[in-house]
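Notes for the one structure printed next.
Just so you know, all these numbers are worked out from the coordinates, no wet-lab data involved. Here the structure is a predicted model, which means the values were calculated and not measured. Reconstructed Cβ throughout: ideal geometry from the backbone, glycine too, with neighbour counts over all protein chains shown.
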Amino acid sequence: MTRRVLVVGFGNPDAADDAVGILAVREARAALEAIPGIRVIEGSSGAELIELLSDADAAVVVDAVRTPGGGRPPGTLVRAEAGSGGLPAEVGVPLSSHGFGAAEAVALAAALGSVPPVVFLGVEVADVRVGHPMTAPVRGCVPGLVRSVLEETAGLAERA
């Protein structure tokens, strides 16, 4: 039986480092779509994610994060698995221009009892201003993030 694995890249493509989730998923798209049962979404809202999760057996969510107090240097890759309460607090704050992003969506889906296994892959950001280019530390981590997206997705797709 083929598992339905959802891969979603969050972010604003026009806001410097906030584009990292969309960019990584875009770069991984061709390889991801070669895996049976994979659905790839570039850009989503938190509300859409709740609905998308309800139709998946597992998910990989990729987004920019900012640690309160700047606890991690920009470009640091972060991995977490969502539990019954959503994402662990030590992940940091996934960014959302609408106040209801990936972290809130996963938490709400978990509270409603409809969340499949979710792996969150994030990147600590430096600049999320609209109209600015992606910073060097975040751009430099994109190849590693793409590899992580592919590895995590393949692992979730293989689980029976």
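Structural remarks
- Full extension of the segment from Asp14 to Glu81, taken as 0.36 nm per residue of separation minus the current Cα-Cα distance, would add 21.3 nm.
- Proximal charge balance of Ile22 [Cβ under 13 Å; K/R count +1, D/E count -1]: -4
- Here the calculated FRET efficiency for Ala47 and Glu158, from their Cβ-Cβ distance with R0 = 41 Å, stands at 0.85, rounded to the nearest 0.05.
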